[in-house]
Amino acid sequence: MSAPRRVSVLGIPVDCVDMARTLTAVDGMVAGGLPRTILAVNPEKVMKAQHDPVLRRALDGAGLLIPDGIGVVYAVRMLWGERISRVPGAELMPAICGLAAKRGYKVFLFGASREVNEQAVAKLQRRYPGIPIVGHHDGYVDEAQMPHLIDEINGSGAQILFVALGSPKQELWMEKHLPRLQHVRVCQGVGGTFDVIAGRVRRAPAAFRRTNLEWFYRLITEPKRALRQVALPQFTLAVFRAKLSSRS
Ligand code: UDP
């Protein structure tokens, strides 16, 4: 299958994929010879990358950029006429785990607190019997200890690595450490997904997800994120401006 079309939203690349296409790409990446990243693109990250060159480099160099936020889906439809749908990172990770259980891909979970990390591993093992989880580590590792963690990941033979450090920390971690990973072929940045799998944080109820208002649910249930969501109106405005200037 040919590579998905890659378009750009305010200068940030996004792949025109749906869930099925993404999983096909994951199979291809595991069979490939190099470690590749899967990063989620949402309005907040697009705005942050405008003035964060390291994050931007990580996004530019990613193997796959999934349209994680509804704002990005609408922007791609409006600017490029591509009828893509959302691929939320929090749904992609369990889907990749299902694939790993089926194909025998070796998985490593890095990130979140020790307790959350262990609970996420236990839940995944229950949900996907036979999934080869070959290692896991919490996300609170100081730089001096990082070489040991890299050795642990390499020693485990993991082919798929989930990194849950939040954004942009996880993107920066990958940018720095990916070249030293020997067997990893797919490295997905999953933000707070371990907390969701562990049952510590609930995703928005179905009604919010169906109506594309998951962002609104998070805003009212986690008010400390409000500051981060200032990026949403800025993003919307910038996309409309881009559309207008492309017309003129
Ligand atoms: N985290 C971590 N190490 C750190 C900072 C954060 O493992 O040094 C974890 C934190 O415990 C949580 C996740 O990263 O599990 C961040 O989740 P958040 O929802 O903030 O990420 P987002 O999806 O918004 O990027």
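The values are calculated or read from the model by the stated rules, or taken from the named source; none is laboratory data. Computed from a predicted model, the values in this text were never measured in an experiment. Every residue, glycine among them, receives a Cβ derived from its backbone with ideal geometry; neighbour counts consider all protein chains shown. All accessible areas refer to the heavy atoms of the entire protein, side chains included, with ligands and DNA or RNA removed. Shrake-Rupley method; radii C 1.70, N 1.55, O 1.52, S 1.80 Å.
Can you go through Lys123, Lys102 and tell me which one is over 19 Å from Thr24 (Cβ atoms) and either among the charged types (D, E, K, R) or surrounded by 23 or more Cβ atoms within 10 Å (Cβ to Cβ) (or both)?
Details: Lys102 fails: over 19 Å from Thr24 (Cβ atoms).
The match here is Lys123.
May I ask you to list the residues in the range 70-120 that are more than 11 Å from the ligand (Cβ to nearest atom), assigned to a loop (DSSP other than H, G, I, E, B) and out of contact with any Cys (no Cβ under 6 Å at 6 or more places or on another chain)?
Scanning the range 70-120 gives Gly81, Arg83, Ser85, Arg86, Val87, Gly104, Tyr105, Lys106.
Return the residue satisfying two criteria in turn: it lies in the range 203-233 and is basic (Lys, Arg) and at pLDDT 80 or above, and of such residues it is most open to solvent (accessible area, probe 1.4 Å).
So, considering only residues that are basic (Lys, Arg) and at pLDDT 80 or above, the one most open to solvent (accessible area, probe 1.4 Å) is Arg210.
Could you tell me which numbered condition Val116 fails, if it satisfies all but one of (1) without any contact (Cβ under 8 Å) to a residue 40 or more places away in the chain; (2) touching a helix residue (DSSP H, G or I) at 6+ places or on another chain (Cβ under 6 Å)?
Condition not satisfied by Val116: (1).
I'd like the residue in the range 12-49 that is over 18 Å from Val186 (Cα atoms) and in contact with a Lys or Arg (Cβ under 8 Å, 6 or more places away or on another chain) and, out of all such residues, is most open to solvent (accessible area, probe 1.4 Å). Reasoning before the result, please.
Pass one, the range 12-49, residues over 18 Å from Val186 (Cα atoms): 12-13, 16, 42-49.
Right, trim to in contact with a Lys or Arg (Cβ under 8 Å, 6 or more places away or on another chain) and you get 12-13, 16, 44, 49.
Working: Ile12: 1, Pro13: 15, Cys16: 16, Glu44: 62, Ala49: 1 Å².
The residue in question is Glu44.
Within the range 139-158, can one find any residue that is within 16 Å of the ligand (Cβ to nearest atom), touching a residue at least 60 places away in the same chain (Cβ under 8 Å) and either within 25 Å of Gly28 (Cβ to Cβ) or in a strand (DSSP E or B) (or both)?
No; the residues of the range 139-158 include none that is within 16 Å of the ligand (Cβ to nearest atom), touching a residue at least 60 places away in the same chain (Cβ under 8 Å) and either within 25 Å of Gly28 (Cβ to Cβ) or in a strand (DSSP E or B) (or both).
Between Arg6, Arg77, Arg86, which is surrounded by 15 or more Cβ atoms within 10 Å (Cβ to Cβ) and of a type in the set (D, E, K, R)?
On the way: Arg6 fails: surrounded by 15 or more Cβ atoms within 10 Å (Cβ to Cβ); Arg77 fails: surrounded by 15 or more Cβ atoms within 10 Å (Cβ to Cβ).
Answer to the check: Arg86.
Keeping to the range 234-248, report how many residues are in contact (Cβ under 8 Å) with a residue 60 or more places away in the chain and exposed (fewer than 14 other Cβ atoms within 10 Å of the Cβ). Working first, answer last.
So the first thing to find is which residues in the range 234-248 are in contact (Cβ under 8 Å) with a residue 60 or more places away in the chain, and the list is 234-236, 238-239, 242-243, 246.
In the following step, the residues that additionally are exposed (fewer than 14 other Cβ atoms within 10 Å of the Cβ) were identified as 243, 246.
Residues that pass the stated criteria total 2.
Please name all residue pairs, on different chains or six or more residues apart, with Cβ atoms under 9 Å, provided the first residue is in the range 160-174 and is farther than 14 Å from His137 by Cα and more than 9 Å from the ligand (Cβ to nearest atom) and the second residue is modelled with pLDDT under 95 and of a type in the set (A, V, I, L, M).
Close Cβ pairs satisfying both conditions: Glu171/Val54; Glu171/Leu55; Glu171/Ala58; Leu172/Val54; Leu172/Leu55; Leu172/Ala58; Met174/Ala58.
Being at pLDDT below 95 and open to solvent by less than 30 Å² (accessible area, probe 1.4 Å): is that true of Ala58 here?
Details: at pLDDT below 95: yes; open to solvent by less than 30 Å² (accessible area, probe 1.4 Å): yes.
So Ala58 passes the test.
Would you mention how many residues in the range 175-186 are within 16 Å of the ligand (Cβ to nearest atom) and either part of a strand (DSSP E or B) or basic (Lys, Arg) (or both)? Walk me through it before giving the result.
Our first condition is that a residue be within 16 Å of the ligand (Cβ to nearest atom); within the range 175-186, this holds for 175-177.
Narrowing further to those that are either part of a strand (DSSP E or B) or basic (Lys, Arg) (or both): 176.
The number of residues fulfilling the criteria is 1.
Considering only the range 22-43, how many residues are under 12 Å from Pro67 (Cα atoms) and outside any strand (DSSP E or B)? Steps first, answer last, please.
Taking the range 22-43 as the starting set, the residues that turn out to be under 12 Å from Pro67 (Cα atoms) are 22, 38-43.
Cutting the leftovers down to outside any strand (DSSP E or B) gives us 22, 42-43.
Number of matching residues: 3.
Just to be sure before I move on: is Ser113 among the hydroxyl-bearing types (Ser, Thr, Tyr) and farther than 29 Å from Asp142 by Cβ in the structure I sent?
No; evaluated as a whole, the condition is false for this residue.
On the given criteria, is Pro35 touching a His at 6+ places or on another chain (Cβ under 9 Å) and closer than 23 Å to Gly139 by Cβ? Before you say what the answer is, go through the steps one by one.
Working: touching a His at 6+ places or on another chain (Cβ under 9 Å): yes; closer than 23 Å to Gly139 by Cβ: yes.
Here the answer is yes, as Pro35 does meet what is asked.
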